[in-house]
Each structure stands twice: as C-alpha cells, then as structure tokens.
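The values are calculated or read from the model by the stated rules, or taken from the named source; none is laboratory data. Treat the numbers as computed from the prediction; the structure is a model and nothing was measured. Positions of Cβ are generated from backbone atoms using ideal geometry, with glycine treated the same way; all protein chains shown enter the neighbour counts. Ligands, DNA and RNA are stripped out before the accessible areas are found, and what is left, the full protein with its side chains, is counted by its heavy atoms. Shrake-Rupley method; radii C 1.70, N 1.55, O 1.52, S 1.80 Å.
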Amino acid sequence: QKEVEQNSGPLSVPEGAIASLNCTYSDRVSQSFFWYRQYSGKSPELIMSIYSNGDKEDGRFTAQLNKASQYVSLLIRDSQPSDSATYLCAVFDNNNDMRFGAGTRLTVKP
Amino acid sequence: EAGVAQSPRYKIIEKRQSVAFWCNPISGHATLYWYQQILGQGPKLLIQFQNNGVVDDSQLPKDRFSAERLKGVDSTLKIQPAKLEDSAVYLCASSPSPSPPLHFGNGTRLTVT
C-alpha cells in the first residue's frame, strides 16, 4: 500500500512566523509532488508543485524535496491568519494516481 | 474558464437508500477523478476515467459503488445501498491529461443517517 504521511497537527504559529509542514511518502518511484490548501468546507486548491530535488520558491511559499529521504516539505514565511487551513501533501506516482496525505491543520494566530 | 461543476451540494439520506452525484469537468479535460474525503482525512481516490474508459477503480467498493462517464464528458457516481460509513465529501476533479494538476469541484457532502 502506497502511503503519504503527514503530521495531523494542529500546528499553531504566531502571525509573521515561519510555518513548516512535513510529508513523507513510501513509493520511491514517485516523480511529482504537490501541496494543496483546503479551507474548512471548501475543496482543495493547488498552491505548489515540485518535481526535482531541492527548493522551489513562490512568493511566501517554499517547497522542498528530498527524493533520497522520500521527504517533501512546505515552508510558509510571514504567516498570515488567512493561511489558516489544512495543507494536503499529494504524490503522483507512475500509475497516474494522485495520492493524498491526511493533511496538517495550520492555525496562524494574530 | 468554468470550473468543475458538481451537484448536489449537500445530500442527506438514510442507510440502505441509494444516491447519485453528478460531475461536469472543465471543458476539454479528458481525465476525470472521483475522490472520497472522510472528515479529518485526505481525499481517497475512488475511480479515474480517461475519456470514457476506466483507468483505475482499485479502491472503489464495487459491491455498492458504481460510476460511469458514458460520453467522455460528465460523470455520475452512485451508491446503492448506502452505509453510515459512506458519510463523506465526494470530490470530483479533472485534468487535461492523466497528469497533474488536478482541478477540484466544490464537492458533494453526503450524510447517511
């Protein structure tokens, strides 16, 4: 069974701090990795994608990938209360399946 | 462009009843996915279509769930008979090809009593 694991949280950070979200996956041949944000009662929306080892930055978001360790992370700099949501890690494998972790609930306190 | 459309938005049924959900993907998107998201969990893939063919239905409980995409456009997911544990949000997503990114609809929240 291919697994995507995340700490369920909740993770609480003060406004302006860096939020660090982590994810591990079991399928070593996975090639594409994604972070989705899901507000309560809403559908997931894509915020970051990463395909190669290293860091990828987009505004306040940085995704990090280490395929050798089968580890993906998302850093949110200068966290805002509007960042409060559940963050889902997703892995796209060679079977064309997108598998999701259970999500980490983030709360940014003003 | 119009997003992925789903209906109904909410549905409440009693156990052993049947229910159907409808999804219309983004125009031109060949790949359509149905996911089940139980409260507090991540989305779980139920079935993936490429045009009107099934690519993956390995996690679909086929004794009670069925799905079709007859003309390769919109799709229907049916549950018959429903169980209490089927209470979840059913998300439809589409993509131009069998690769990301996936675009999600707003989902259908099913409550089975």
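For A:Asn95, the conditions (1) among the polar types (S, T, N, Q); (2) within 14 Å of chain B (Cβ to nearest Cβ); (3) in contact (Cβ under 8 Å) with a residue 60 or more places away in the chain are fulfilled apart from (3).
Those strands (runs of 3 or more DSSP E) of chain B in which at least 2 residues are more than 21 Å from A:Lys42 (Cβ to Cβ), considering only elements entirely within it, cover B:19-24, B:44-50, B:53-56, B:65-68, B:75-79. Of all the listed residues (B:Ser95, B:Ser18, B:Ser87, B:Ser99), the sole one being over 12 Å from the mean Cα position of the chain (by Cα), open to solvent by 30 Å² or more (accessible area, probe 1.4 Å) and more than 25 Å from B:Thr113 (Cβ to Cβ) is B:Ser99. Taking the condition among the polar types (S, T, N, Q), over 10 Å from the mean Cα position of the chain (by Cα) and more than 12 Å from chain A (Cβ to nearest Cβ), does B:Thr111 pass? The answer is yes for B:Thr111. Candidates are the residues of the range B:21-58 that are more than 28 Å from A:Tyr87 (Cβ to Cβ) and in contact with a Lys or Arg (Cβ under 8 Å, 6 or more places away or on another chain); the one that is least open to solvent (accessible area, probe 1.4 Å) is B:Asn51. Does B:Leu102 count as within 14 Å of chain A (Cβ to nearest Cβ) and either touching a His at 6+ places or on another chain (Cβ under 8 Å) or modelled with pLDDT under 95 (or both)? Criteria met by B:Leu102. Taking strands (runs of 3 or more DSSP E) as the structural unit, those lying wholly within the range A:16-110 and holding at least 2 residues that are buried (at least 21 other Cβ atoms within 10 Å of the Cβ) correspond to A:19-25, A:32-38, A:71-76, A:85-92, A:98-100, A:104-109. Do we have A:Ser8 as under 13 Å from the mean Cα position of the chain (by Cα) and modelled with pLDDT under 95 here? Against the criterion (under 13 Å from the mean Cα position of the chain (by Cα) and modelled with pLDDT under 95), A:Ser8 qualifies. Scanning the range B:2-15 for residues that are under 13 Å from B:Ser94 (Cα atoms) and surrounded by fewer than 14 Cβ atoms within 10 Å (Cβ to Cβ) gives a single hit, B:Ala2.
Among residues of the range A:29-47 that are at the interface with chain B (Cβ under 10 Å from one of its Cβ atoms) and free of Cβ contacts under 8 Å to residues at least 40 places away in the same chain, those with a beta-carbon under 8 Å from a residue that is open to solvent by 10 Å² or more (accessible area, probe 1.4 Å) and aromatic (Phe, Trp, Tyr) at least six positions away or on a different chain give the pairs A:Ser43/B:Phe104; A:Glu45/B:Phe104.
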